[in-house]
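What follows is one structure encoded as structure tokens, with my remarks underneath.
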Amino acid sequence: MSSGTSKIVESIMSVAQEKADGIIQEANAEVSQINANAEKTAEAEKTKILENGKKQSDMRYQQIISEAKMNARRAELGAKEDVIEAAFNQAIGELKIKASSGDEEYKDSLSKMIMEATQEIGGNDLILQLNEADTQKFKDDLSSQGSDSFEIEGIKFTLGEPIDAIGGAILKTANGDIEVNNTIEARLERFKSILRSEVAEILFK
């Protein structure tokens, strides 16, 4: 090979080498960039996963705390309800004793309950129903008259069949169309929501 040809070959080889080196450098740079981008992406994904995990963990924590507070509140309300109900039961027991004693205080209360029901029902010919003990007391008081009827302030009352009640009275019109329940149990039920608030205020203030 002549010296001129050798120089041409060497020149071509030199240019090819330079191009090859350039391509390799570009490839290496691209690989490095890809690796860097991959690391950034992986790190971002890792951070995202960790953040999501923390959010889920925080949400679960708050959920557990919320459920615990709710359960505690339910338990507290349940306990208060039990105490209030116990207070009502105790009051009912004391009312039974008071009603069965037949003392003057109960007699006055019974008279007021009868007259309240009378005013509510209207009319002047009414059937009066009381519990067994009160019915018998009225019958004993009326025995001298030989009748189950009596008048108060121009209103005629006739004793009806005894009822199952602690005390108080049920009044009906003679035809039975209108009835007013003013027994102790009915009064307690009517005023229970108000009484419950008052009892709760006294017990838990």
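The values are calculated or read from the model by the stated rules, or taken from the named source; none is laboratory data. None of the values given here were measured: they were computed from a predicted structure. When we count neighbours, we look across all protein chains shown, and the Cβ atoms used for this are built from the backbone with ideal geometry, even at glycine. Remember, those area values only see protein heavy atoms, side chains included, never the ligands or the DNA or RNA. Shrake-Rupley method; radii C 1.70, N 1.55, O 1.52, S 1.80 Å.
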- Query: So which of LYS98/LYS137; LYS96/LYS172; LYS107/LYS192; LYS69/LYS192; LYS112/LYS156 end up more than 20 Å apart, counting from Cα to Cα?
  - Reply: LYS96/LYS172; LYS107/LYS192; LYS69/LYS192
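Relative to the compact-globule scaling 2.2 N^0.38 Å, provide the ratio for the alpha-carbon radius of gyration of the stretch 115-205. Walk me through the numbers before you get to the answer.
Details: Rg = 16.0 Å, N = 91, 2.2 N^0.38 = 12.2 Å.
In units of the 2.2 N^0.38 Å rule of thumb, it is 1.31.
Roughly what % of DSSP beta bridges within the stretch 117-204 run antiparallel, to the nearest 5? Could you put the intermediate results ahead of the total?
Working: 13 of 18 bridges.
If I count the DSSP bridges inside the stretch 117-204, around 70 percent turn out antiparallel.
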- Item | Cβ-derived FRET efficiency at R0 22 Å, SER111 paired with SER143, nearest 0.05 | 0.70
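Return the FRET efficiency for the residue pair ASP164, GLU67: r is the Cβ-Cβ distance, R0 is 35 Å, and the value is rounded to the nearest 0.05.
Numbers: r = 45 Å, r/R0 = 1.29.
Step by step, r from the Cβ atoms, then E = 0.20.
How long are the semi-axes of the equivalent ellipsoid of the stretch 57-105, taking √(5λ) for every eigenvalue λ of the Cα gyration tensor, in whole Å from largest down? Display every interim value, and only then the final one.
Values: eigenvalues 430, 5, 3 Å².
Those come to 46, 5, 4 Å.
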- Classify the stretch 127-180 as rounded, prolate or oblate, taking a ≥ b ≥ c as the square roots of the eigenvalues of its Cα gyration tensor: rounded when a/c is under 1.5, otherwise prolate if a/b is larger than b/c and oblate if not. oblate
- Item | the stretch 70-147 - percent of accessible surface contributed by carbon and sulfur, probe 1.4 Å | 51 percent
- Note on the structure: Reduced to Cα centres, the span from the stretch 153-179 to the stretch 67-137 in Å works out to 18 Å
- Task: Give me the number: length gained by fully extending GLU151 to ARG190, i.e. 0.36 nm times residue separation minus the C-alpha to C-alpha distance, one decimal in nm.
- Result: 11.2 nm
- Relative pair counts by distance (%), Cα atoms of the stretch 65-173, 5 Å bins: 2, 11, 16, 18, 14, 9, 6, 6, 5, 5, 4, 2, 1, 1, 0
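How do the peptides 129-136, 165-172 rank, highest first, by the average count of neighbouring beta carbon atoms within 10 Å per residue?
Working: 129-136: 18.8, 165-172: 22.4.
By packing density, highest mean first, the sequence is 165-172, 129-136.
Taking the square root of 5 times each eigenvalue of the Cα gyration tensor, what semi-axes in Å does the equivalent ellipsoid of the stretch 46-127 have, largest first? Can you show the working numbers first?
On the way: eigenvalues 760, 63, 7 Å².
Sorted largest first and rounded, they come to 62, 18, 6 Å.
Could you sort ILE84, ILE64 by accessible area so the largest value comes first, with the probe set to 1.4 Å?
ILE64, ILE84
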- Query: Any idea how far apart ASP58 and ALA174 come out in nm if each label point goes 7 Å out from Cα toward Cβ?
  - Reply: 8.1 nm
